[in-house]
Amino acid sequence: MLKKAAFFFFLLSQILLAQEECTIGVAAGKATSDGRPLVWKTRDNSSERDNELVYNTSYSIPFLEIINAGKTYAWMGLNRSGFAIVNTVCSDLPVTGTGLSNGSLMRNALGVCSTIAEFETFLEQNDHGNTRGNFGLIDSGGGAAIFEISGSEYWKFDANDSTQAANAFLIRTNFAINGNGTDGSGYERFKRSSDLIDVFSTGDSLNYKSILRYQMRDFSDYDSDPVAVPYPDKWYSYRPYGYIYTNVSINRWSSVSATVIQGVLTGESALLSTMWTMLGSPAASVAVPYWPVGATPEKADGSSSAPLCDISLNIRSELFDYTDSKYYIDSYKLLDGEGGGLWCDLFPVEDSVFVAGETWLNKWRTNGVNISEMLTVEQTYAEYAYVTLQQAYTKLVTDIPDLKPDVLEGFRLYQNYPNPFNPVTTVRYRLPSKSKVDLTVYNVSGQKVTTLINGEQRAGIYTHKWNAGKLSSGIYFCRLKAQTADNEFTDFIKLNYIK
């Protein structure tokens, strides 16, 4: 009987862990485009979808925290000292006793720690025997680290130490180096995230914008290779056209919130640390900046749930509408391949929030912190995001056309993904029959830059990655020319390379 009970609780623990599979990372300032450290998290939780961003003043250091609506544990946060923390559960690490668990540890640490060094002291002085996970941290002194914590033990990995982080960033999902290593859960997301962040870092575009837009909304396959949006194929022959299986992606069916916390440079006020947050599914949300200076807007912290999260979850239900499997998203609702789709409505709005947020931050960095202005900016852009999401949801449920073709037929050159890109992008095209293919990139003057493909190919859908790392930023054009015995097809797409 005892063995059966133990086995039941083991299975239950695995189910609960599966609900909390997240993706996190930290980057030291020397890896980012502006020298400020970053820590980020995409949170997955299939049972607690209502997330809120609240301002907690019940500890000695007030802090922002993302919580399950109506609950008390912190799942990521930033305090007034510029100390920030996020986590992932590690199913391959054991707990060794009672004491603080993952959420209570982060909540308590946010309330008393100002630096990573103080967090290490906190671990030494407090019982955290019920904790198991990876914890990403930054502080206002430029610190950036990940701690693996297993019961009473912990191990520190410093992003500023080149022997521990060769490129000054660290990625984690749901396994620990001191657990099962890469045999643990979430390796596909770990590899895909590592590849993306490495591209950003190499191209000097590792910042909160590139993570929010491209890393947190990324879809990939079992081999951690990118999947285009829209997806012009069937995942399996018995699945509907254009639907992407998301359970191995960073942006998963269970993703319920995401945050990139941007730290400060030496000498800047810790209050300028910024928590860029998407409540709800990252695919169906807009990022809004928040600062650890006062109560968050009602749209982020409602009376029972956050309206920003609620409307995002409504949109999510329209995206994940395949009744035979909850894991599949209709990629043609995100981008229809014809210049429309949800992201065409959300991304321009988010871009304007990025520009406005950066303008305000530069003002406060120059003239000093203005808490009243910060709270007004939060309120303004939380409202702006909410109205945008409401309009997008109405559009989804009333007049979205079904642009997915019934069959895979005809030549086609799809828009590259991502676009804009830095420095690698993927070009995809379709051949209905065996063809002589010429896939060539030109600059705006019409000069040939490179030939990607020149030869015969069978019928099918093909992808080709192009690395523009040695070229200057700007607009390029990719031409597909395909010839058969009785037909010739030519088409162009515009590629936007931004360093």
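No lab work stands behind these numbers, since they all come straight from the coordinates. This is a predicted model, so every value here is computed, not measured. Neighbour counts run over all protein chains shown; Cβ positions are idealised from the backbone, glycine included.
Evaluating kT/(6 pi eta Rh) at 25 °C and 0.890 mPa s, with the Kirkwood radius of the range 284-343 over Cα pairs in the Stokes-Einstein relation, gives 180 µm² s⁻¹. If you take the alpha carbon atoms of the range 176-228 and fit the smallest convex hull around them, that volume is 91 Å³ per residue.
The convex hull around the C-alpha trace of the range 412-497, projected and averaged over every direction, spans 5.1 square nanometres. The loop-placed trypsin sites (Lys or Arg not before Pro) in the range 17-72, going by DSSP, that have at most 13 neighbouring Cβ atoms within 10 Å of their Cβ come out as Lys71.
Over the range 46-102, the hull volume per residue, using the convex hull of the C-alpha atoms, is 118 Å³. Cross-link pairs exceeding 19 Å in C-alpha to C-alpha distance, out of Lys191/Lys465; Lys234/Lys481; Lys363/Lys499; Lys209/Lys465; Lys41/Lys395; Lys156/Lys191, comprise Lys234/Lys481; Lys363/Lys499; Lys209/Lys465; Lys41/Lys395; Lys156/Lys191. In degrees from 0 to 90, rounded to the nearest 10, what is the angle of the helix 187-202 Cα long axis to the longest principal axis of the chain? Its long axis makes an angle of about 80 degrees.
Sites listed here are chymotrypsin sites (Phe, Trp or Tyr not before Pro) in the range 230-331 whose DSSP assignment is loop and whose Cβ has at most 16 other Cβ atoms within 10 Å: Tyr236, Tyr238, Tyr322. Think of it as helices only: each DSSP H run of n ≥ 4 in the chain is worth -39500 (n - 2.57), and spread over all residues that comes to -8500 deg cm²/dmol at 222 nm.
Stokes-Einstein diffusion of the range 17-389 at 25 °C, 0.890 mPa s viscosity, Kirkwood radius from Cα pairs, rounded to a whole number: 121 µm²/s.
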